[in-house]
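The values are calculated or read from the model by the stated rules, or taken from the named source; none is laboratory data. For clarity, every value in this text was computed on a predicted model and none was experimentally measured. All Cβ positions, glycine included, derive from the backbone under ideal geometry; neighbour counts span all protein chains shown. Keep in mind that these areas ignore ligands, DNA and RNA; they rest on the heavy atoms of the full protein, side chains included. Shrake-Rupley method; radii C 1.70, N 1.55, O 1.52, S 1.80 Å.
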Amino acid sequence: MMERTLRHERLGQLLLEAGLITEEQRQQALARQQACGERIGSILVGMGAVSEAVLLQFLSQHYGVAIADLSQFDPTLLPLIPRETAHKKFVVPFRRMGSRLALAVVDPSDVALFDELQFHTGLHIVPHVALESRIRAILHQWTDCPDRETLSIRQRDSTFDESAHRGLPRLEERSHEEWGMSDQESVESAELKQLQVWMRQAMASLTPDDEVGSGYEVVEDDAAPVVNLVHGLLRQAVTMGASDIHVEPLDSCVRVRFRLDGVLRTVLHLPSRLRHSILARLKIMASLDIAERRLPQDGRIHVTLEAREGFDIRVSILPCLYGEKAVLRLLDRSRLSLDLRQLGFEPHDLNTVLTALNHPHGMMLVTGPTGSGKTTTLYSALHCLNTPHVNIVTVEDPVEYHLHGVTQLQIKEDIGLTFAVGLKSLLRQDPDIIMVGEIRDRATADIAVQAALTGHRVLSTLHTSDAPGTIARLLDMGIEPFLVASSVSVIIAQRLVRKICRHCREPDPIPQTRLISLGCPPEQAASVTPARGRGCPHCHGTGFKGRLAIFEVLPMSDALHDHILGRASAKALRTCASAAGMASLRQNGWRKVASGFTTVGEVLAVTAA
């Protein structure tokens, strides 16, 4: 209450300093505000001290926001925000433009409110100032709305079809089932509608114990509504090309998000009373303990959806504030590309990698942050080497994909099976090629280096920012410089960027001077025409569809060998590599921009200058 009063006093003082009201009028308004609790702006308008038009113009100029045009108010947007928040903060959504939601507010300075609603809706919030009396009149009509736990389908970053709402009943006449359905022209709308049907059936099937959350409903009947709902979520995620599903219990609902091309997107909200049944079904599918709700659990599901090839799902259950959160990693073997030539290497870099792989011994290291596609690159290299004449063994945590003809060992640190222990055991299996999922410590690095020096081909990953930094990292681990120089054959640093949707690609008019200032070589900036995606149903309105990698390939050369023996710094190693012709991640990204594969913003987001 104190914060609200301070804001009111500040507005009154601002109006006084602007010469729009007198000190006497300000004191009268503050006195009335203490008595009735109404906002000072509305009180001043009611007193006749300032007109509505003048007040709105002042607020618009002071806070740098537009004035809300409530003649464009769309009542179907009201369920996007919690009703109690709307009444408490005097805020209503009145127009949606793709992934942007326009809000009419009385306090444009309430940044915390906008952050909260952006998190709740999954949309970019654009505040517009409006009078409290106008917002109060709209909220007064919001009387017969359904429970806010009703399924609310929100398609983030998708084009909003205004025509889809023509002919709908008035706000107070809409049925419970109609809320939250935008009925957009998109490839997934039919499946999302079916999810709503299963949601209602699952709600109807709840027992009184489930309603209050006293226990789990054990769901084993394949025809049960909750089973249909969970399987429908899996199908929808596969249809949209998601890599992960997040099922998150919040204070008032269960939020479901899909990770599409590396970006999380909210697809729907479910009633919170369903969280126990959904978690129970997922635990049963993953062979986990449905009674354990205090400790994290990890499992795996193998499913076959209709005509698609079967794929695995890694399940992680984590207890949190409002229940248990489930994250499902979809490992779709049918979408796994195991061809090095299809990953996005430049011809020169691809030839360097293939040459290193053909060496009878040596180590290939792939580096990059989590989620940058390192495992895919390693699997593609193994696929290239996998013949009946060689013995390939791997030690991984976890084993993501099963490779035919390859012996794969799963790390289990809880019983002492670490990377170092597993790697020692693999060396007794007469291997020709060894893949180590990750070099995490000195012990693993020592064994990997020794294996590479004793006639084995070793493939592994490290977490460093670039290729030259990988050498510095090995030296910091305590590996002797002459061992690093003798064992490493090639280092690959990589990042993933989103590909522009081919159905809605259009030119992006970025000035040549701006490209040069961002690091684009002048000769390239003169000829390149950047592109972007406009947004269409094929890409769910994002402008992107799929991802590709950008690479930094560093082969071991005589000059680099000498620098390593001299313990040169990472900066000196990079200078040496650049002089030998290595293209940096940023430079490789510019080539992808010039080829029309990705946008300037994507390259800038994942690479350093």
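Taking the empirical scaling 2.2 N^0.38 Å for compact globular proteins as reference, the range 232-380 has a Cα radius of gyration ratio of 1.28.
Using only the C-alpha atoms, the convex hull of the range 460-532 corresponds to 150 Å³ per residue. The modelled label-to-label distance between A559 and E52, using points 7 Å beyond Cα along the C-beta direction, is 7.3 nm. Please report the spacing between the Cα centers of the range 575-609 and the range 233-256 in Å, no decimals. Centre-to-centre distance over Cα atoms comes out at 33 Å.
Of the listed residues K374, K545, the order by accessible area with a 1.4 Å probe, largest first, is K545, K374. Scalar couplings 3J(HN,Hα) for the range 66-75, obtained by applying the Karplus form with A = 6.51, B = -1.76, C = 1.60 to θ = phi - 60°, are 7, 8, 5, 8, 6, 5, 8, 4, 10, x Hz; x denotes Gly and Pro. Between amide H atoms placed 1.01 Å from N, distances below 5 Å from T367 occur with L462, I492, A493, Q494, all of them 5 or more places distant or on a separate chain. Once the C-beta distance of L453 and H124 is scaled by a Förster radius of 41 Å, the resulting FRET efficiency is 0.15 to the nearest 0.05. Sorted largest first by accessible area at a 1.4 angstrom probe radius, with every protein chain in place, the residues M435, M285 fall in the order M285, M435.
Seen through its C-alpha gyration tensor, with square-root eigenvalues sorted a ≥ b ≥ c, the range 235-309 comes out oblate because a/c lies at 1.5 or above while a/b is not bigger than b/c. The largest-to-smallest principal axis extents of the Cα set in the range 420-463 are 27, 18, 15 Å.
Pairwise inverse Cα distances across the range 1-139, averaged and inverted, put the Kirkwood hydrodynamic radius at 15.4 Å. Show the residues, 5+ positions off or on another chain, whose built amide H is closer than 5 Å to the amide H of D244. Those qualifying (amide H under 5 Å, at least 5 residues apart or on another chain) are R259, L330.
Quick check on packing: order 22-30, 460-468 by the mean number of other C-beta atoms within 10 Å, highest mean leading. The partial results should precede the final answer.
Working: 22-30: 15.7, 460-468: 22.1.
My ranking of the peptides, most packed first, is 460-468, 22-30.
Other residues lying with their Cβ under 10 Å from the Cβ of L385 contribute a combined charge of 0, Lys and Arg counting +1, Asp and Glu -1.
Counting only residues at least eight positions apart within a chain, or on another chain, the lysines with an alpha carbon under 29 Å from that of K571 are K374, K592. Label sites at N351 and A137, each approximated as a point 7 angstrom past Cα along Cα to Cβ, lie 7.4 nm apart. I want to verify the translational diffusion coefficient of the range 340-487 in µm²/s; compute it with Stokes-Einstein, Rh as the Kirkwood radius over Cα pairs, at 10 °C and 1.306 mPa s. Estimated via Stokes-Einstein, D reaches 102 µm²/s.
At 0.36 nm per residue, minus the direct Cα-Cα distance, what do Q27 and E292 gain on full extension? Give it in nm, one decimal, please. Let's see the in-between values first.
Numbers: separation 265, 0.36 × 265 = 95.40 nm, distance 6.05 nm.
Net length gain for the segment: 89.4 nm.
With one equal scatterer per alpha carbon and no solvent term, the Debye-computed log10 I(q)/I(0) for the range 458-606 at 0.18, 0.19, 0.21 1/Å reads -0.98, -1.04, -1.17. Sequence-ordered 3J(HN,Hα) estimates for the range 80-97 from the Karplus curve with 6.51, -1.76 and 1.60 and θ = phi - 60° stand at 5, 10, x, 5, 5, 5, 4, 6, 6, 9, 6, 9, 9, x, 10, 7, 10, 10 Hz, glycine and proline given as x.
Residues whose amide H lies under 5 Å from that of R300, counting only those 5 or more places away or on a different chain, are V315; hydrogens are built 1.01 Å from N in the peptide plane. Report note on the peptides 120-133, 75-88: ranked by the mean count of other C-beta atoms within 10 Å, highest first, their order is 120-133, 75-88.
Ranked by the mean number of other Cβ atoms within 10 Å of their residues, highest first, the peptides 402-414, 546-558, 57-69, 39-51 come out as 546-558, 39-51, 57-69, 402-414.
So for the range 311-423, averaging the separation of alpha carbon pairs under 8 Å that are six or more residues apart and normalising by length, what relative contact order in percent results? Working shown, then result.
On the way: 110 pairs, mean separation 19.8, N = 113.
For the range 311-423, the relative contact order is 18 percent.
Computed from phi, the 3J(HN,Hα) profile of the range 288-300 under the Karplus parametrisation 6.51, -1.76, 1.60 (θ = phi - 60°) reads 9, 7, 6, 7, 7, 10, 9, 10, x, 9, 10, x, 9 Hz, with x in place of Gly and Pro.
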